[in-house]
Amino acid sequence: MKRISPIVLGLSLAVAGSLLSAAQEMSSQASIPKVLQITREFIKPGKSGMVHDRSESNFVQAMARAKWPTHYIALGSLSGKSRALYLTQYGSFEAWEKDNAAVAKNATLSSELDRAEMTDGELLDSFDQAVGYYNEELSYRARTDLSQARFMEISVYNVRPGHGKEWRDLVKMVIDGYQKAGTSAHWATFEMVYGRDGGTFIVLSSSKSLSEIDTNFAEDKQFMAAMGEDGMKKLEDLVGSAVEHSDHELFSINARQSYPPDEWVKADPAFWKPKPAMAAAAKPAATPAAEPKKANP
């Protein structure tokens, strides 16, 4: 799940569906890594929750034992079909290739990840992966540090063929409106380059609590006032012309399935390293009467 086939020797990027999982707190001058890998798992009914957490812990523990430098965060769906997303970013495709090559050379880690994938596969209905490329021009006040994030809104926009300019004009209008309104809006936009149809853009916005979403809805009036009646009409026309389809979903960050940077764990160990929950889940396997534990956007 967290793994992806190596992208060396001309192999294609087998991908579909990280967000901003930087290895340390970044300053306001820091840039967002360009390459976003999104792994998506659709989970069988009854196989989510702690069942999936225990399975995913095999990946986390393998990465931790290897002290692997590449980190990822996990998201659990709060809307739509039951699914989990695993988000990883790289500074470039070359950096991704080097990471895959290093995993392949580490026999112990590769073996542990293979076993974890076999176990995890029993819990899944389906699995896919995708890759996006960060578009700074279409982003607004994107956050580079997600250590305090607890929720993620993900919007997917499918732009009609031949309407790319209208799409860019639309997003620029929205950005100008939010700037004038002085709201708390922020997002990062990635153009999907592998694993999705052409013209697909994914917009990501994190929040520390769901109260921020309440604030966003309350600020809609400020945005509409800043745009004005004519501006809103033009915006609606651009949406109708440029956007073929859109989808909006809400996810929570699942710390039990994430492999966060050490700095995040030290800053908030209660959230990023929930030891009691994992320890409690492991106890039944140790009792004589229990069956051996089977090695889930």
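For this structure, a couple of remarks:
- Whole-angstrom gap from the range 28-105 to the range 193-259, using each part's C-alpha centre: 23
- Dipole size of the range 35-286 about its Cα centre, with +1 on Lys/Arg Cβ and -1 on Asp/Glu Cβ: approximately 860 debye, rounded to the nearest 20.
- Greater than 24 Å apart at Cα, pairs in LYS180/LYS221; LYS34/LYS234; LYS44/LYS273; LYS81/LYS233; LYS105/LYS273: LYS34/LYS234; LYS44/LYS273; LYS81/LYS233; LYS105/LYS273
- Put simply, when 178-184, 167-173, 216-222 are sorted by average Cβ atoms within 10 angstrom per residue, most first, you get 167-173, 178-184, 216-222.
- Shape class of the range 22-123 from the alpha-carbon gyration tensor: oblate, with a/c at 1.5 or above and b/c at least as large as a/b.
Read the figures in this text as sums done on the coordinates, not as results from a lab. In this text, all values refer to a predicted model and were calculated from it rather than measured experimentally. Reconstructed Cβ throughout: ideal geometry from the backbone, glycine too, with neighbour counts over all protein chains shown.
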